[in-house]
Structure formats: C-alpha cells, structure tokens
C-alpha cells in the first residue's frame, strides 16, 4: 500500500492510500476469477486506475485443495497511474491452505492476510503439504493476519435459501467479496445487478449469493467496531474526461481487427482452432455476427489459417488466431500467403514455451518465430500489443498495412495482457478514417502480380470478376506475367521485391517515439509488448530519483521504425527488457551492430517493476 | 430461355489456358483434364465464377491448365482453402483437385472434415495408388507388397479405399470414374456439380511412369464390360458383355454376390436395383473389388442436405436481423462510466 496517510488511533478512521495491490487466491473451484473480475468492475466504477492479473492453472479442475489447483486474481488499483498489476500484494485473500502455501512468498513484508480459518482443516493442510498448521506456529508472525471463519459465516448467511452444502459453500467467494468491497469503499449494487442477471433462471442461487455478499459487508462493519478491520480510502484517478470501460487485451484486439475490417470495407472471416490463451478472440468474434463476421472453427490450426487465406483470396479479410504451438503449425501456410501476397491477419497470443510449455503463463518468446520462423526468405510485418487497451489501435493498424501492402501481418500479444483488464477511454469509431479496399477490375494489361510502383503491392483481383481469371500458388511466379517460373534471375528478382515491399512499409509507419524521457542520454530501456507497464513505472520512479533514463517501447517489430537505429545510438547504454532469453535483443544487435544489454525474465510471470528498477540502477552505476 | 442457349455455346476449349501442360506424356491426367473441360462446358460453368483449388502433387497442377480462377496451395490443405473461399463467396463454383497422397495421406484429416461439414464443393480425387511427383513412393492406396524406392521389400501397409473413407466421413455424394472413360466421366462430374454439398469423386488415374497398368484388371477396354459396372439410380445393377451378370443381395450373409441370369434359377427379379440414397448399399458397392467383383462406377451415393456455408450464412442473416451492427454501441456494451 503506497501513500498511507492516517494516524492509527481511531478504529473507524479511514486510511487514505494512493494505490493498493490485492490478490485473491483459492482453489480452482472457489470462484476466484469471478471474485476478482467483479471486484475490478466495482473498482473501475469507483474511478480508480487499475490493472489486473488473472493467474490460473492450466487444469480446469485440479483435485480440490492441492497446490497445483490454486487459482489467483491480482488487482492493483489507485488514485495514481498504476500500469501493472503490482509487484507484490499488500493484501492477500486466502480461501484455503494450498492458496496460502503458493502465494505467501510474494506477499509484501508486513502485508495483510485475510483468510478463511474454516478451510484450515487437518485434511486441507495435509493436501497442501503443510506439516504443521501455519495458523498455530509463528510462520505468519510478520504479517498482519485477519482470520475469520468465512466457511461457517457463509453457510449461516445462506441458510434460509435451502441450498445444499456444496451450493452454500460456493457462496464463500461472494462473502469475501462483500468484505473487500466494504474495506475499500466500493459499491455493492453493480455486483448485485450482475448476480441477478447471471442467475436470472435460478433466483435462489442469486439471492443466496447476494445474502453472502451482504453478510461479508456487514461483517466488516461489525469488525470495525471491535478494531479488527479498518477501511481504506482511495481517491479517484484523475483521468481525461470521457466514457470509460474496462477491457482486456483479447477483447481490445478482437474489436480492433473487426474495426479495421469495417474501415477497409471488408467482411472479416476468422479461421481458428481453440488454444489457450487465444480462444477468447474466437469466442468474441463468434458473437459479433451482426457485423457479418464469419468464424470458422476448423479441425486444426492448419485448416484454420488455410480457411482464412482462402477467404482473402476470395476477397474478404482472412484472419487466424492462435498461440505459439499453433503458429508453428500454421507456418507453411503463412509462407503461402507471403508468396501469393494476400492480406492476412495472424494473431499470436504468446504463452510460455517451448512445446506445450506453460499454457496459462505468459512469455514473449515467439518473436523469432514471428520475424524469422519460416522456410525461404519470407518477410512479413510484425506488430506488438503493449497493454490491455492497445489492441484496438494495433488491430486497425494491422488491417491497414495488410490491405494496403497485400501482406500477412502478425500481431504479437501475450497471455498476461490477454486476460488482464485496464480502464479504457472508449474511442468514437466515427473519428477513424476509413481506408476502403479497391479491388482490381481493369482487364487491360492484367496479370495477378501487377504491382503498385509505390507500395509494391500486387493487385487484388477476386474470383467472380469477369476477365481477370488467374491462377496463383506457392510456386515462384514470373515477375512480368505471374505464370509459374523456374527462372533463376526471376527468383532473385521476386525475392528482392518481396523483401523491398516489406522494408518499404517502414516509410509508412510513425517514427519511433520516446515514451518517457528524452532522446539521447545515459540509458534507454527498450521494451515491446506487455512489459510496457512495468518498464513505464520503473523508468518513472528512476527519473523521479533524478536518474537519466528513457523508455523506448516498440509497437513495430518488423520492419523496425526507420529512425530506431539513430534513436538507440543516441544513448550511452541500452537495456532490452523482455520475457524471453533475448530475442528482440538479438534482432536489434543484428540489425544495428549495437552493444545492447539484456534484461531477461522467463518464469511465466510478468516483470516486477523492482526488477527493472534494479537493472536501471545497476547499469547507470556502471556507466557513472 | 436465354440461359440454355448460352450453355450450348460453351465449348471445352473455352476452359483451356495458354499454359504448357507439364504432365508426363500418356498420363491419365490429360484425359481427366479433357473430361473436366467437357463437364464445365456442358453444364454452363462461367470461368469468372469458377475456382479450382488444389494441394500438392501431380494432380494438383490441374488449376494451371483451366482458364478459371485457380489456387495451387500447400500439401494436403486444399479443403481448408476451399472452405474459406466458399464461406467468403458461396456463389462461386469451387472444384477441389487432389490425389491419393495429397487427399488421403497428408490431407486425410482435412478431407474427413470437409466431407463431414458438407461444404458445397466438388472434390476430384485422382487415385493412381502411387506418389508421382516425389518419384514413385507407395501411397495410402497402394496395394500391399508393392515395391517402390521406399518399400524395396514390398509395402506392408494396409491400403485405404477412398470411397469407403468418404462415406465413413459422412460424404453425401460419392461417385467413381475412370480417367479415360470420357463418355461417363463428364456426366458423373456434372452430377457432382449439380449436387448441393460436398461431392466426392474418385477417379482411377493411370500413372504411366511409376505405376503403369495398376488398374488394367478392370479398365482394359476389351474386358471392361465384365469387370466394371456403371450404376444408375432406380436401375438393375447388371453388367457383362451380354448384360446377364448382376449383383444380388444375399440377405442371409448380408453380402453382395455376382449372379448370372439364367443360371441356378436366377431371374432378373433377383438382381438388386440401385438406390443412390441408400448409404448401406453404397458401402457395399464401394467395397467390391476386382477380380471377384466388378468395380462400381457412376453415382454410388447421393443424398443431399444443406451445405455448411449455407447454414453459416443463414446464421449471419438471423443475427443481422436481430441486432443492428453499431460499432460505437459495441464498444459501449456492458458497464461503462463517465469521467467529467
């Protein structure tokens, strides 16, 4: 908790905080994701800045009470810009011993633990692997532990609704949520509304959950009187005027690509195959049929992208979504889209690898795969998404480039921002300039690889157009006629033109900006993708401490912004911070012969601000 | 009836391209190409509304030689591309060209699903029981014992029957033809085109270089009448030089038998009538193999249902009618708040 300002004299005095990190942790079946997301809604409506981090296992329902079945939801919220879900929780809400075991190490020293002592039975302790009860030894002595029998009080609160034991216990999360809402002064009504909506067909369940929510809230009020618990106040975050909502990375990206297709005046056709953490894009777009979106859940990753390419060939905007392992399967088809020069949007929501890796944990280790991972010289455009809201702009930009230059564009996001929510000032769609696609119709002098001399894009002639019948494929094409060609010089020429087309897109991209700090100086921290928040906060703190450090964050991974070389060379030192073992670092070194320093993290968890702060201090120390 | 007069005007030549055909001299693909061009002309296909999609292999070079739109894609994946094309524009006439390797080995999975989904396309599987373009390795339809560069001691793989596979996958149109039978093949292809949904046509195609004569047992013109049977819906399944042989259903053993009218008290009443809507019968017909049985050609199964892309587009229309597409409203759906 930062910015604590009150005196601890009076039980019902409210402590003011700038920001606080709360982590809800329980069994997969305890409904922690729902609790966290509902708390986020209540928090957003209260006008806080916020960033969330759902952290759950790959197993749908691991055996109850085990450590590998622990599911957690972290939220950082405040009256100040938070940018990340927070390095370490200030408050840990614990629903069972396994959750304590898994999450305690990360709790801030002296942090608060709110726990359900009713769940600390001998059986649950054993399942979690505790040899002695941590509530009875001194292992929690340097934390502020608030124990209460949430299980018992929940059962009590919902008794009158006649639910079975199992259903009664499922209301524990709402009881806990009620207590947290009271602690942080968030309103209950939005939660009540959503419970009534969610359980419209099961009014008993709805009412029981609401009763549990109210009981948790009432418990706070009562406990306050006995000085056991206290309330905290967080001022509203001063945001720009406008209408806001919360959005996660998958949502903003789905909407962004759909927005792009609307601006391009093209029907969007998604070919996809379910995979964590990319499936929500398929779900989101499947629900937007009124916009003419077609979603094709194919038999595998390969058929999914082939369907998308077929759609582009036929004059729609093809799109495919996946994660690293699925992108690997799509690789050959991506090569075909490059060779036939068709527009295509490829979304890679990265997860920890290699192979199956850690499906629900985050990483940025598909950069090589995106930029270089194909047979032959096969350049494509690669863009990255920096935070939960950024996907909207990136999605539109991807469609603009794909259609203007007749090229596949790969968008890299990752499991962290895919699921993390942030407040978003909702844009007005009418403010975006349309870029309608013009299909080729002129038969005079037509051949399928006729190029625009400026963009080098080939013409897009769709089946159904009289007089433009043509055949394309993965075999090399003659530069002048578009027919199959095995000619050596022609292959050189075609390889060169495919490369030149992609390189040239750098001239149609904004110059790389410095997101914080100045051009030139002692140190720049370079990042891409979801590390934005952590780097942003670390650089902000360092600059506040008077350190000469800047933050440069890339959206365009390939081609690189045309001023990036000069920009990076304007600093004495450059740190590349990324969640892989040095992929952007290698890319920048290879392109610019620049002696960059790598800050790598590959633990399946996002960067902590402190990890970047330390790297900044270390690097400036050396150069001082 | 202006349309009809247009149809009669089209000629197979209208579907030829200026590309030099690069199949081996004497390859069965030449005859099939001719048969397809005839079928397109006869049925009034419009080059600008027609797309040929293929995978990889000798057969998959096909699109380059047809003057429609064409997409030569990647190995085994043509069904995915064809599905995308039909979803994007259901009005296009889409033909898929594949082979026994492309369609049943590397692309077996996709073949299964495009048939099951019932995407309204025509699939022509050129079966030559060999890998031609990679120089003669055995394929999933090769006979056991076949010696090839990759099976020097003979293949030990059990072969697959393409039509049985298609029926098993849920295909609602299954037919067979022979590359050089240019009387029947265009008619079979015309029926395939007429059928709404996925049409599967296996075409026996002779690979003159790597598997020459593999189908001679039943394709040799001299003996063809005794080794082939061309089935027609509602007609007795008779064959043979004197048209006295026929297929009889032995109900006790649940099998088909070859009988001869006039022998062992067999009369025409004992001969089974072809019912192309009967899936069980279709399975039995597809499983008949030479030399004990005639090889069944023609329309073996035809039982249409609504196609995949049609159902997808119905849902789009329903959704559009139920809800107005309003992007700003979408972005503001759910909980929002205003900062003053």
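The values are calculated or read from the model by the stated rules, or taken from the named source; none is laboratory data. Note that the coordinates shown come from a computational prediction; the quantities given were computed from them, not determined experimentally. Every residue, glycine among them, receives a Cβ derived from its backbone with ideal geometry; neighbour counts consider all protein chains shown.
Yes or no: residue A:114 touching a residue at least 40 places away in the same chain (Cβ under 8 Å) and buried (at least 24 other Cβ atoms within 10 Å of the Cβ)?
It is false that residue A:114 is touching a residue at least 40 places away in the same chain (Cβ under 8 Å) and buried (at least 24 other Cβ atoms within 10 Å of the Cβ).
Mind checking which residues of segment B:143-165 are within 23 Å of the chain's Cα centre (by Cα) and surrounded by fewer than 12 Cβ atoms within 10 Å (Cβ to Cβ)?
Within segment B:143-165, B:158 is the sole residue that qualifies.
Only one of A:278, A:298 is closer than 30 Å to residue A:317 by Cα, crowded, with 23+ Cβ neighbours inside 10 Å, without any contact (Cβ under 8 Å) to a residue 40 or more places away in the chain and in contact with a strand residue (DSSP E or B) (Cβ under 6 Å, 6 or more places away or on another chain). Can you tell me which? Before the answer, list the steps.
Working: A:278 fails: without any contact (Cβ under 8 Å) to a residue 40 or more places away in the chain.
Going through A:278, A:298 in turn, just one is closer than 30 Å to residue A:317 by Cα, crowded, with 23+ Cβ neighbours inside 10 Å, without any contact (Cβ under 8 Å) to a residue 40 or more places away in the chain and in contact with a strand residue (DSSP E or B) (Cβ under 6 Å, 6 or more places away or on another chain): A:298.
Within 30 Å of residue B:191 (Cβ to Cβ) and either within 9 Å of chain A (Cβ to nearest Cβ) or without any contact (Cβ under 8 Å) to a residue 40 or more places away in the chain (or both): is that true of residue B:321 in this structure?
Taking the combined requirement at face value, the residue does not satisfy it.
Here are B:32, B:66: which of them is touching a strand residue (DSSP E or B) at 6+ places or on another chain (Cβ under 9 Å), more than 14 Å from every other protein chain (Cβ to nearest Cβ) and buried (at least 24 other Cβ atoms within 10 Å of the Cβ)?
The unique qualifying residue is B:32.
Considering only segment A:163-182, state which residues are under 31 Å from the mean Cα position of the chain (by Cα), without any contact (Cβ under 8 Å) to a residue 60 or more places away in the chain and either over 29 Å from residue A:224 (Cα atoms) or outside any loop (DSSP other than H, G, I, E, B) (or both).
Within segment A:163-182, A:175, A:178, A:182 meet the criteria.
Exactly one of these conditions fails for residue A:262: (1) within 30 Å of residue B:106 (Cβ to Cβ); (2) facing chain B (nearest Cβ under 7 Å). Give me its number.
It is condition (1) that residue A:262 fails.
Does residue A:584 qualify as being assigned to a loop (DSSP other than H, G, I, E, B) and at negative phi?
no
Can you tell me which residue among B:299, B:266 is modelled with pLDDT of 95 or more and in contact with a helix residue (DSSP H, G or I) (Cβ under 7 Å, 6 or more places away or on another chain)?
Within the list B:299, B:266, the selection yields B:299.
Of the residues B:275, B:269, which is more than 14 Å from chain A (Cβ to nearest Cβ) and in a loop (DSSP other than H, G, I, E, B)? Let's see the steps before the verdict.
Working: B:269 fails: in a loop (DSSP other than H, G, I, E, B).
From the options B:275, B:269, the qualifying one is B:275.
Do the conditions hold for residue B:81, that is, is it more than 14 Å from every other protein chain (Cβ to nearest Cβ) and not in a loop (DSSP other than H, G, I, E, B)?
Criteria not met by residue B:81.
To keep it simple, each residue is scored yes or no on (1) at pLDDT 95 or above; (2) more than 13 Å from chain B (Cβ to nearest Cβ); (3) out of contact with any strand residue (DSSP E or B) (no Cβ under 8 Å at 6 or more places or on another chain); (4) not in a helix (DSSP H, G or I).
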| position | (1), (2), (3), (4) |
| --- | --- |
| A:321 | yes, yes, no, yes |
| A:325 | yes, yes, yes, no |
| A:348 | yes, yes, no, yes |
| A:365 | yes, yes, no, yes |
| A:371 | yes, yes, no, no |
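Per-residue answers, yes or no, for (1) more than 19 Å from the chain's Cα centre (by Cα); (2) modelled with pLDDT of 95 or more; (3) under 30 Å from residue A:278 (Cα atoms):
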site	(1), (2), (3)
A:36	no, yes, yes
A:51	no, yes, yes
A:56	no, no, yes
A:68	yes, no, yes
A:76	no, yes, yes
A:101	yes, yes, yes
A:111	yes, yes, no
A:116	yes, yes, no
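May I ask you to list the residues in segment A:270-284 that are closer than 16 Å to residue A:330 by Cβ, outside any strand (DSSP E or B) and within 14 Å of another protein chain (Cβ to nearest Cβ)?
A:273
Test residue A:317 against the criterion of being at pLDDT 95 or above, at the interface with chain B (Cβ under 10 Å from one of its Cβ atoms) and closer than 28 Å to residue A:449 by Cβ, and give yes or no.
Judged against the criteria, residue A:317 is a match.
Using the structure shown, decide if residue A:539 is closer than 27 Å to residue A:88 by Cα and in contact (Cβ under 8 Å) with a residue 12 or more places away in the chain.
Spelling it out, residue A:539 is indeed closer than 27 Å to residue A:88 by Cα and in contact (Cβ under 8 Å) with a residue 12 or more places away in the chain.
Going by the conditions given, is residue B:175 touching a helix residue (DSSP H, G or I) at 6+ places or on another chain (Cβ under 8 Å), modelled with pLDDT of 95 or more and either assigned to a helix (DSSP H, G or I) or under 13 Å from residue B:28 (Cβ atoms) (or both)?
The answer is no for residue B:175.
Go over the candidates A:304, A:333, A:311 one by one and state the one that is buried (at least 23 other Cβ atoms within 10 Å of the Cβ), assigned to a helix (DSSP H, G or I) and touching a residue at least 40 places away in the same chain (Cβ under 8 Å).
Only one candidate passes the filter, namely A:311.
Any idea which of B:282, B:329 is more than 9 Å from chain A (Cβ to nearest Cβ), outside any loop (DSSP other than H, G, I, E, B) and surrounded by fewer than 13 Cβ atoms within 10 Å (Cβ to Cβ)?
Result: B:329 is the single residue among B:282, B:329 that is more than 9 Å from chain A (Cβ to nearest Cβ), outside any loop (DSSP other than H, G, I, E, B) and surrounded by fewer than 13 Cβ atoms within 10 Å (Cβ to Cβ).
Results for (1) at pLDDT below 95; (2) within 19 Å of residue A:315 (Cα to Cα), shown as yes or no for each residue.
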| site | (1), (2) |
| --- | --- |
| A:419 | yes, no |
| A:424 | no, no |
| A:427 | no, no |
| A:436 | no, yes |
| A:451 | no, yes |
| A:457 | no, yes |
| A:473 | no, yes |
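Which residues, taken from segment B:101-113, are in contact with a strand residue (DSSP E or B) (Cβ under 7 Å, 6 or more places away or on another chain) and within 11 Å of chain A (Cβ to nearest Cβ)?
B:107
Scan segment A:216-259 for residues that are more than 14 Å from chain B (Cβ to nearest Cβ), out of contact with any helix residue (DSSP H, G or I) (no Cβ under 8 Å at 6 or more places or on another chain) and loosely packed, with under 15 Cβ neighbours inside 10 Å and report the count.
The total comes to 6.
For residue A:354, state whether it is modelled with pLDDT of 95 or more, farther than 19 Å from residue B:331 by Cβ and surrounded by fewer than 23 Cβ atoms within 10 Å (Cβ to Cβ). Outline the logic, then answer.
Details: modelled with pLDDT of 95 or more: yes; farther than 19 Å from residue B:331 by Cβ: yes; surrounded by fewer than 23 Cβ atoms within 10 Å (Cβ to Cβ): yes.
When the stated conditions are applied, residue A:354 passes them.
All but one of (1) part of a helix (DSSP H, G or I); (2) under 20 Å from residue B:109 (Cα atoms); (3) within 7 Å of chain A (Cβ to nearest Cβ) hold for residue B:60, so report the exception by its number.
Looking at each condition in turn, residue B:60 falls short on (3).
If residue B:90 passes every condition in (1) in a strand (DSSP E or B); (2) more than 7 Å from chain A (Cβ to nearest Cβ); (3) in contact with a helix residue (DSSP H, G or I) (Cβ under 6 Å, 6 or more places away or on another chain) but one, which one does it miss?
The single condition residue B:90 does not satisfy is (1).
For segment B:289-323: of the residues being in a loop (DSSP other than H, G, I, E, B) and under 18 Å from the mean Cα position of the chain (by Cα), which is surrounded by the most Cβ atoms within 10 Å (Cβ to Cβ)?
B:307
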